[in-house]
1. When the residues of the range 82-118 are filtered to those that are charged (D, E, K, R) and surrounded by fewer than 20 Cβ atoms within 10 Å (Cβ to Cβ), which remaining residue is nearest to residue 412 (Cα to Cα)?
2. What is the one condition in (1) surrounded by 17 or more Cβ atoms within 10 Å (Cβ to Cβ); (2) touching a residue at least 24 places away in the same chain (Cβ under 8 Å) that residue 278 does not satisfy?
3. Failed condition for residue 193, given (1) within 16 Å of the ligand (Cβ to nearest atom); (2) farther than 29 Å from residue 60 by Cβ, with all others met?
4. Residue 238: outside any helix (DSSP H, G or I) and away from the ligand (no atom under 15 Å from the Cβ), yes or no?
5. Limited to the range 374-404, what total is found for residues that are touching a strand residue (DSSP E or B) at 6+ places or on another chain (Cβ under 9 Å) and either modelled with pLDDT of 95 or more or hydroxyl-bearing (Ser, Thr, Tyr) (or both)?
6. Mind checking which residues of the range 356-371 are more than 24 Å from the chain's Cα centre (by Cα) and surrounded by fewer than 18 Cβ atoms within 10 Å (Cβ to Cβ)?
7. Of these, 262, 202, 228, which one is touching a Cys at 6+ places or on another chain (Cβ under 8 Å) and either away from the ligand (no atom under 14 Å from the Cβ) or in a helix (DSSP H, G or I) (or both)?
8. Among the numbered conditions (1) more than 21 Å from residue 163 (Cβ to Cβ); (2) in contact with a strand residue (DSSP E or B) (Cβ under 9 Å, 6 or more places away or on another chain); (3) not aliphatic (A, V, I, L, M), tell me where residue 273 comes up short.
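The values are calculated or read from the model by the stated rules, or taken from the named source; none is laboratory data. It should be emphasised that the depicted structure is a prediction, and the values quoted were computed from it without experimental measurement. Heads up, the Cβs are rebuilt from the backbone with ideal geometry, glycines too, and the neighbour counts pull from every protein chain shown.
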Amino acid sequence: TSSGGPEESLGAPGNLWPSEPITLEPGESGQQVVLRKIRELSETGHQDPFMVADLDVLANRYQVFRQTLPGICPFYAVKCNSSPWILRVLATLGSGFDCASQGELEQVLGLGVAPSRIIFANPCKATSHIQYAARCGVQLLTFDSEEELTKVAQHHPGARLVLRIQTQDSKSIFSLSAKFGARLEACGRLLTSAKELGLAVVGAAFHVGSNCQTPQSFRQAIADCRRVFEMGRGAGYAMSLLDIGGGFPGAEGSEPMFEEMVREIHAALAQDFPEGTGVEVIAEPGRFFGEPVCTAAVNIIAKKTVLVPGGHRKLIYYFNEGHYGNFRIFLREPVFRTPIVIKEFPSEPPLFPCTLYGPTCDAFDRLFSEEVQLPELDVGDWLIFPSMGAYTCSMSSTFNGFQPATVYYAMSPQLRSLLETGP
Ligand code: PLP
């Protein structure tokens, strides 16, 4: 089977790279596959950037989520990484999906996922996308304004609506509440309006901001949702769905932060939505599932050395991947992602301040906003970046004629047979 995804057909040198997923040897990791690919590419004179997606890492993250938050059904946020293989693995494992547009709905429905396993979780939707959801039987929709209620009443009167509220997410790396979410004080009015329009509101939702740094944000947001439930019941609704959104960190090494969030969520649910109250709890993890899955390999295509006052050297490296490719999100991240340099040095090499640029003609095309400390490298050297699966290929463009990096998918024989036969 072939995914048919654009990632696999673009930039692949001849038939050297089959679109069939690579079978992982026992104990082999995605990173080892990257090293193998670099060797193979170097032998044939190829230097195009690429990523390896280890689908077993994805399956493992899904299981961790289910085990640590057993009562909470994940609805994977498709925007994070919409690769057909990622969606297919999650669909097979039983995940639900959070879609933000008609395109994402089409993609997930096209995999045979039942409309009841989808939440259309964009509170500000185009009318034609609402109509599409109605035609396809996708009923769960989020909203946060009177105007959206009017559109839904006209174009999807049978929807089951979920009221998205604002959160305190200023400490999250990607705050969302300036754009989405109703203030708690506005919720009573919104619920009354929904009732007047004859619409069904079934619950409340929030998002603590992507890559949340404050686990206690979940506690406050869950307490606020309890208030919304009380208001909803006051307005005559049988409130039954709590959607705790995404925001869980996903990069390798962020596990302690995730565990702290899990503790906060358990404590908050025990207090505000104790078991036995008949409330279904769902979440919309994106980066927790997708981020550790991919490892990116990039190559230095040009280099400059500059002397700065004091006689010190600074290095400028130009990579064949950058802001308009898989690194778009990282200009907004405060922390530099340390790459692994694929080069042997006879002894510990000295480090130099380096600026990392992407390949396009835009000076804004940098991999990271800050200078980074790296050894002296040469044109043709490779660097690899782990944890590159979230908001990377789903955001990359073809600006200046640079094609998206090829993605190679890898999985164990066990996962492959699960995909073929179902769980
Ligand atoms: N749900 C919604 C509505 C979102 O906007 C996002 C990300 O922007 C997500 C879920 C996924 O968030 P994360 O990747 O931080 O888990």
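1. The selected residue is 88.
2. All conditions are met except number (1).
3. Answer for residue 193: the failing condition is (1).
4. yes
5. Number satisfying all stated conditions: 19.
6. 361, 362, 363, 371, listed by residue number.
7. 228
8. Condition not satisfied by residue 273: (1).
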